[in-house]
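> This structure is in structure tokens; I'll ask about it shortly.
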Amino acid sequence: MFKNVVTLLTLIILLCAPSTQAENSNDYEILLKDKYLKFYEIIERKDVSDFDLHKDIHIAIELLEEVVKQYPRTRTAENMLDMISHSICWGNDPVMRNKYEKMKEKYLNTLDDPDTEPAEKLIFMVIAPWLEYEFTVNEKAMKKISILCNKGLHKMKDYCTNEDYAALALIEASKIDRKKYLNEFKEKYPNHPLISVVETMININNYHQFKDLNALTTATEKKYEKYKNDILPGGVSAEISLYHSYASIYYMKGDKENALKYYNIIKEKNPDYYLLPKLKLYFNNDEINN
């Protein structure tokens, strides 16, 4: 049950936060739509055998490198960077094993230099501990890599001259200590395009602390009112993301009737919505048919 709640909250983070490009934000999110959806399909695919699961994860990494390198201020870049640290079968892709060895050889000993190839180093620091353990099944080696990458994230957040990579690194560091580093972000970058994402993360963190879904609903509605004209990753309108958030929150409240109401609204307004299959998992076939 706890895992399901965490998954739902993660989705709310994805959906409630507005786009993060201050200038021409909708244009950038639309431009990156196809890349994002292709990346999402690789990361989240389900209808394949265990062997085929993530067998082309190296393609997702290449897409991530392209987006983070060229569009580090976008919500899409932040979303993709966050998603890549989820549970992935790295070992199913032999190309990824070779790619990782090259990345480790190139970046591991230069993580104290945050200004050289920051996009590539940032991605390496996010994925390296996971890959090291899956490829070596060596917990000591994984811990060593993890310590080096955490130090590298701190180095990047504190000293990278490119504000956008420093900001992304700070968000990644917040996974270690949400309250401390999210508040640090607010102090350092009050006008950065990613501030809205951070504020949403703080709302979710507050929910974990106080277990107040009504407060979470209010925070979601305030976000929508402020950013209702935004296009989110995957070309999703803020309206659809709001309805998804309502469906998730009502489901967490145990109110399946209202959760189903918003599922049906989304299905009617945007039948091709890429997260609709996730919402469908909340209900059984009889509930949906009725």
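> Charges at C-beta only: +1 for Lys and Arg, -1 for Asp and Glu. How large is the resulting dipole of the range 24-177 about its Cα centre, in Debye rounded to 20? Before the final figure, lay out the partial values.
Details: 22 positive and 30 negative charges, 72 e Å.
Using only the charged Cβ atoms, the result is roughly 340 debye.
> Determine the gain in length on full extension of the stretch residue 117-residue 141; use 0.36 nm per residue of separation and subtract their C-alpha separation, reporting nm with one decimal.
Numbers: separation 24, 0.36 × 24 = 8.64 nm, distance 2.43 nm.
Length gained between residue 117 and residue 141: 6.2 nm.
> Return the inverse of the average 1/r over all pairs of distinct C-alpha atoms in the chain, which is the Kirkwood hydrodynamic radius, in Å to one decimal. Each step should come with its number before you reach the end.
Details: mean 1/r = 0.0506 Å⁻¹.
19.8 Å is the Kirkwood radius here.
> Same structure, new question: List the relative contact order of the chain as a percent without decimals, with contacts defined as Cα pairs under 8 Å and 6+ residues apart. Provide the component values of the computation, followed by the final result.
Details: 360 pairs, mean separation 65.7, N = 290.
About 23 percent, as a whole number.
> Label point 7 Å out from residue 210 along Cα-to-Cβ: which residues of the range 174-197 have amide N under 16 Å?
Only 179 pass the distance filter.
> Another question, then. Tell me, what is the FRET efficiency for residue 110 and residue 180 to the nearest 0.05, using R0 = 25 angstrom and their Cβ-Cβ distance as r? Write down the numbers at each step before the final one.
Values: r = 27 Å, r/R0 = 1.06.
My answer for the efficiency is 0.40.
> In nm, what is the difference between 0.36 nm times the number of residues separating residue 268 and residue 86 and their Cα-Cα distance? Working shown, then result.
Working: separation 182, 0.36 × 182 = 65.52 nm, distance 3.04 nm.
Stretched out fully, the residue 268 to residue 86 stretch lengthens by 62.5 nm.
> Can you spot the aspartates and glutamates whose alpha carbon is less than 16 Å from residue 280's alpha carbon? Ignore those fewer than 8 places along the same chain.
Within the straight-line limit of under 16 Å, residue 280 reaches these aspartates and glutamates: 44, 47, 255, 257, 268, 272.
> Return the distance in nm (one decimal) between the two label points of a simple spin-label model at residue 228 and residue 287, each offset 7 Å from Cα along Cα→Cβ.
2.8 nm
> Rounded, prolate or oblate: which fits the range 24-177 when a ≥ b ≥ c are the square roots of the eigenvalues of the alpha-carbon gyration tensor, with rounded for a/c under 1.5 and prolate only if a/b beats b/c?
Verdict is oblate for the range 24-177.
> If you don't mind, another one. Ranking 248, 49, 25 by Cβ neighbours within 10 Å, fewest first, what do you get?
Working: 248 28, 49 8, 25 21.
Lowest count first: 49, 25, 248.
> Give me the net charge for the shell around residue 150: Cβ to Cβ below 14 angstrom, other residues only, Lys and Arg +1, Asp and Glu -1. Display every interim value, and only then the final one.
Details: positive: 121, 143, 144, 151, 155, 157, 175, 180; negative: 112, 132, 158, 172, 177.
Its environment carries a net charge of +3.
> With label points built 7 Å along Cα→Cβ from the Cα atoms of residue 34 and residue 99, find their separation and express it in nm.
If labels sit at residue 34 and residue 99, their model points lie 1.9 nm apart.
> Something else: So how much slack lies between residue 56 and residue 162, counting 0.36 nm per residue of separation and subtracting their Cα-Cα distance, in nm?
Values: separation 106, 0.36 × 106 = 38.16 nm, distance 3.09 nm.
Extending this stretch completely gives an extra 35.1 nm.
> Considering only Cα-Cα distances, which of the following residue pairs are longer than 32 Å: 33/121; 179/278; 106/278; 38/267? All intermediate terms of the calculation are to be shown ahead of the outcome.
On the way: 33/121 24 Å; 179/278 29 Å; 106/278 38 Å; 38/267 21 Å.
From 33/121; 179/278; 106/278; 38/267, over 32 Å: 106/278.
> Then there's this: Within a 10 angstrom radius of the beta carbon, how do 197, 137 rank from fewest other beta carbons to most?
Listing 197, 137 from fewest to most nearby Cβ atoms yields 137, 197.
Bear in mind these aren't lab numbers, they're just calculated from the coordinates by the rules spelled out. Please read these numbers as outputs of a predicted model, since none were measured by experiment. For neighbour counting, all protein chains shown are included, and Cβ atoms are generated from backbone atoms with ideal geometry for every residue, glycine included.
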